[in-house]
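Report on the structure given below.
What follows draws every value from the coordinates through simple rules; no lab data is involved. Since we're looking at a predicted model, the values are computed, not measured. For neighbour counting, all protein chains shown are included, and Cβ atoms are generated from backbone atoms with ideal geometry for every residue, glycine included.
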Amino acid sequence: MSLSDTIAAVATAISPQQGSVGIVRLSGDRAVAIAQTIFHAGGKQIWESHRVLYGYVKHPITKGVIDESLLLIMKAPRSFTREDVAEFHCHGGIMAVQQVLNLCLEQGARLAEAGEFSLRAFLNGRIDLTQAESIHDLVGAKSAQAAQAAIAGLRGKLTQSLKYLREKCLNILTEIEARIDFEDDLPPLDVEWVKAEIGIVGQEAQQILATADRGELLRTGLKVAIVGRPNVGKSSLLNAWSRSDRAIVTDLPGTTRDVVDSQLVVGGIPIQVLDTAGIRETEDVVEKIGVERSRQAAQSADLVLMVIDASVGWIEKDAEIYKTVCDRPVILVINKIDLAPSISEQEALTPSPSPIGGGQEKIFTPPLLGERGLGGEGIPIVKTAAAQQQGIEDLEAAILQSIAQDTIAAANLDVAINQRQKACLIRVVQSLDNVKIAIADQLPLDFWTIDLRAAISAIGEITGEEVTESVLDQIFSRFCIGK
Ligand code: GDP
Ligand code: ZN
């Protein structure tokens, strides 16, 4: 991959016969020359930077008109990549953009690799690595809050915090190294000051680190499995939920909405309801398969909603399913509450008398509030009448509560770091801890600086100041082409 090539790609999502505008983007030294070869702007329009031209894309040899479009030229360095950029705003669908792109390639541009525009923006100092990652997050955002966090990242919130940490570390390092090099000419090192500064940096790093879980939630969302016996109302519950006003289902015109694969948003958290657990089960389903499916669903879920039928109560089959999911966080949903409006949680969970008689005392029941494990916390219980769309608010409240404790309430709500950034920050914190140990053990100053340098370098890896090519490859190859 040569960074001196002029690159081209379709920058907008394209799909056949859809979308009114599609953008083809060129970046590099030859961007303007290529645009001038294939674009004909009529009248007295002036080819100036940051001005919109109107005209036709024409084949330079056949003179055939390929599209009527707008052309936007952004000369370096005032562009996303800090290179010369030309954007053709073509008609949507696939034909116009594809042909304009082909023409650009014919004229010597190279098809951009995934993420190459962002990579150039990074390499040319327009954005740091965390901002590049935020662009990726923003495009992939599944909720308004996720988008908000991405925008904050894009605007440099995390960059600022990291810069502050890095400068502080460099400051400390300078003080220590001065003592190594010019020991005799300087006042002795203020070790208390070093300790205090390291403490501040460590604390700040911990605070940023605490946003990782929230970042993960916002990025990937919460995977929820709905399990339960056939006919307890799992499908009805999912229907009621995805149709409720509170759960904003991604519902843009033109996109199909498959209820089974519902993407819901609850309290800003994207929720993916796993297509499992017999949501599609048929009546002839073998009981065993139902249990097996519940187990599999629960394993890949962050949270399990286990549905039981209030009009039936807790029966052995429920116990069997519960046992397969109870090592995951579970919310118990007592559905069809309309059929047993006055039933208490206790009653709903008391095994119903077996028609054959005897044996019901063997049925395992979930712990009620105050009974679970050593911690004494019971499993949350929500009552719903899915068929009547009732109880959905309570269900959402219970879901938010189950994930709220440490994640939603992350210290710095603007920042939400990703897994890569988290891994680097953990190294920052560890290195700082090592400095503290070196100080406490009164090791020679050289030892302090080794760990301090490691911390600085880990911070630099987050922002991209100190990053290897393979890490860059890994990050930018996840991007799509044209980004
Ligand atoms: P699933 O097999 O667990 O997915 O259950 P379904 O959602 O298919 O529901 C089974 C039956 O129970 C259907 O006839 C639903 O109309 C009915 N049902 C579901 N939820 C409720 C409810 O809250 N109240 C009442 N009365 N019936 C319900
Ligand atoms: Zn169903």
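Listing for the model above:
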| read-out | value |
| --- | --- |
| Shape call, the stretch 97-147: gyration tensor on alpha carbons, a/c limit 1.5 | oblate |
| Added length on full extension, which subtracts the Cα-Cα distance from 0.36 nm per residue, K163 to Q388 | 75.6 nm |
| Global geometry of the stretch 50-187, whether rounded, prolate or oblate, following the gyration tensor of its Cα atoms and the 1.5 cut on a/c | prolate |
| Over the stretch 51-162, relative contact order from alpha-carbon pairs under 8 Å, at least 6 apart, % | 16 |
| Label point distance in nm, Q401-N124, each placed 7 Å from Cα along Cα→Cβ | 5.3 |
| FRET E, pair E175, S477, Förster distance 35 Å, beta-carbon r, rounded to 0.05 | 0.30 |
| Estimated dipole of the stretch 83-181 in Debye, rounded to 20 [Cβ of Lys and Arg +1, of Asp and Glu -1, Cα centre] | 400 |
| Relative contact order (%) - the stretch 1-124, alpha-carbon pairs under 8 angstrom, separation at least six | 32 |
| Spatially proximal lysines relative to K44 (Cα-Cα < 30 Å; intrachain offsets below 8 disregarded) | K58, K63, K75 |
| In nm, spacing of pseudo-spin labels at V191 and L70 (7 Å Cα→C-beta vector) | 6.6 |
| Loop trypsin sites (Lys or Arg not before Pro), the stretch 1-109, which have at most 13 other Cβ atoms in a 10 Å radius of their Cβ (DSSP) | K44, K63, R78 |
| Estimated distance in nm for a label pair at R78 and E465, the labels positioned 7 Å out from Cα along Cα-to-Cβ | 3.0 |
| Computed over the stretch 106-232, Cα set: Rg, Dmax in Å | 22.6, 83 |
| Size of charge dipole - the stretch 121-166 - debye, nearest 20, with Cβ of Lys, Arg +1 and Asp, Glu -1, no other charges | 140 |
| H50/Q442 FRET efficiency (R0 56 Å; Cβ-Cβ; nearest 0.05) | 0.40 |
| Additional length obtainable on full extension of the chain from K63 to D338, 0.36 nm per residue less Cα span | 91.8 nm |
| Nearby lysines by direct alpha-carbon distance to K383 (threshold 22 angstrom, same-chain neighbours under 8 apart not counted) | K223, K234, K317, K323, K336 |
| Gained length - Q296 relative to E106, 0.36 nm times residue gap less alpha-carbon distance | 63.3 nm |
